Amino acid sequence: MQVQGEIEGYAARGAQVIAIGQGTGDEAAHYCGKAEVEFACLGDPHKEAYKLNGLERGSWWSVMLKDMIVHPIESVSLIAEADLKAAQLPASDPLQLGGVAIVDREGIVQYRHIASRTDDVPSNQEIFEALDRIAAA
């Protein structure tokens with residue numbers, strides 16, 4: 001989890017990081033405990049947060065096959081690093097794409113990144129820039 005390595009940058013900006021995963025609350029707690037993260041992890045087995053944020057479900061082509069053909073070495077590396085046990089959980093959907101949202105104190109989404117691939121995650125720097133723009137507004 002790239003956020004963990006920069007957690008101080010989020011804290012310095014007054015941001016509270018919350019990860020939302022597809023499993024139950026217990027499954028999310030187990031996964032985050034195993035990863036030793038310093039932020040909250042919530043489970044969303046019915047994918048309500050995904051739906052509310054417009055996060056779509058990819059196809060086998062967009063999630064797996066295309067990258068395996070275009071970038072075979074990187075794809076094999078990602079598969080080797082993947083948590084395959086998490087992908088086998090009842091609530092897990094390997095085709096569900098993720099995203100990032102910044103929600104202000106009033107509950108208004110100020111920034112949203114909707115992934116187009118499973119590895120489509122904005123960098124910490126991009127998120128810091130968005131947090132800084134929001135704070136300056």
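The values are calculated or read from the model by the stated rules, or taken from the named source; none is laboratory data. Computed from a predicted model, the values in this text were never measured in an experiment. So basically every Cβ, Gly included, is an ideal-geometry build from the backbone, and we count neighbours across all protein chains shown.
Of the residues making up the stretch 94-116, just one is surrounded by 14 or more Cβ atoms within 10 Å (Cβ to Cβ) and of a type in the set (D, E, K, R), namely 112.
Among the residues of the stretch 94-137, just one is farther than 23 Å from residue 44 by Cβ and β-branched (Val, Ile, Thr), namely 134. Restricting attention to the stretch 11-28, the residues that are out of contact with any Ser or Thr (no Cβ under 9 Å at 6 or more places or on another chain) and within 18 Å of residue 93 (Cα to Cα) total 6. Every condition in (1) at pLDDT below 70; (2) within 17 Å of the chain's Cα centre (by Cα) is met by residue 65 except one, and the failing one is (2).
For the stretch 10-53, name all the residues that are free of Cβ contacts under 8 Å to residues at least 24 places away in the same chain and of a type in the set (A, V, I, L, M). Selection gives 11, 12, 17, 19, 28, 29, 52.
If you filter the stretch 101-129 down to residues that are under 15 Å from residue 57 (Cα atoms) and in contact with a strand residue (DSSP E or B) (Cβ under 6 Å, 6 or more places away or on another chain), you find that the one that is modelled with the lowest pLDDT is 115. Remark: pairs (first residue in the stretch 108-137, among the hydroxyl-bearing types (Ser, Thr, Tyr); second residue not in a helix (DSSP H, G or I); Cβ separation under 6 Å; 6+ apart in sequence or on different chains) = 111/102.
If you go through the stretch 14-61 and keep only what is surrounded by fewer than 12 Cβ atoms within 10 Å (Cβ to Cβ) and either closer than 12 Å to residue 98 by Cβ or touching a Gly at 6+ places or on another chain (Cβ under 8 Å) (or both), you end up with 26, 54.
Looking for something buried (at least 16 other Cβ atoms within 10 Å of the Cβ) and either among the β-branched types (Val, Ile, Thr) or at pLDDT 95 or above (or both) - is there at least one such residue anywhere in the stretch 75-90?
For the stretch 75-90, residues buried (at least 16 other Cβ atoms within 10 Å of the Cβ) and either among the β-branched types (Val, Ile, Thr) or at pLDDT 95 or above (or both): absent.
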